[in-house]
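Chemist: One structure is given below, represented as structure tokens, and several questions about it will come after.
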Amino acid sequence: MNTLRQLEIENMKATVPDFGVGDTVDVHYLIKEGDKERVQLFNGTVIAKNRGQGPINATFVVRRLVSGEGVERTFPVHTPRVTKVEVVRRGSVRRAKLYYLRDRVGKATKVKELLEQDNSKA
């Protein structure tokens, strides 16, 4: 096996969080300040997922509004700096990339919530 591929397999996360484009997520990101490390929360809407070349290069883009200004951050899926990704609410979207949200302001940036269907009662 190729040594580069072997390194990729060793550094990949065992469990990849289950989320999609349009979901509102909380990303717990490990940041380093001087000699101290702490976990900082970045919450927002996933507007894109990119696979990259090979599974190790997969990334996702999260967008949120901070005091009226849009902030986007790209996170690698398999980095050890991302400690946890929690799905706050699922979004119902019809596109793979939600770049059109960049031009929206206020309530227009909301994504319709995906309601889970309960088939156990039928």
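Only the coordinates and a few stated rules stand behind these numbers; no lab work does. Owing to the predicted nature of the structure, the values given are computational and were not obtained by experimental measurement. Heads up, the Cβs are rebuilt from the backbone with ideal geometry, glycines too, and the neighbour counts pull from every protein chain shown.
Chemist: Do you know the relative contact order of segment 3-88, to the nearest whole percent, from alpha carbon pairs under 8 angstrom that are 6+ apart?
Modeler: Relative contact order for segment 3-88 comes out at 32 percent.
Chemist: Give the long-range amide H neighbours of Leu114: residues separated by 5 or more places, or on another chain, with amide H under 5 Å away, using H modelled in the peptide plane at 1.01 Å from N.
Modeler: Placed amide hydrogens put Arg90, Gly91, Ser92 under 5 Å from Leu114.
Chemist: Taking the highest mean first, how do the peptides 55-62, 83-90 order by number of other beta carbon atoms within 10 angstrom per residue?
Modeler: Final packing ranking: 55-62, 83-90.
Chemist: For Cα pairs less than 8 Å apart in space and 6+ apart in sequence, what is the mean separation divided by the residue count of segment 34-79, i.e. the relative contact order in percent?
Modeler: Worked out over segment 34-79, it gives 30 percent.
Chemist: Using the Karplus curve 6.51 cos²θ - 1.76 cosθ + 1.60 with θ = phi - 60°, work out ³J(HN,Hα) for each residue of segment 75-86 in order, rounded to whole Hz, and write x for Gly and Pro.
Modeler: Result, ordered by residue: 10, x, 5, 9, 7, x, 6, 7, 7, 7, 10, 10 Hz.
Chemist: Cross-link list Lys32/Lys84; Lys32/Lys110; Lys49/Lys84; Lys32/Lys97; Lys36/Lys97: which exceed 26 angstrom alpha carbon to alpha carbon?
Modeler: Cα-Cα > 26 Å for Lys32/Lys110; Lys32/Lys97; Lys36/Lys97; rest within.
Chemist: Roughly what % of Cα-Cα distances in the chain sit above 18 Å, to the whole percent?
Modeler: In whole percent, the long-distance tail amounts to 59.
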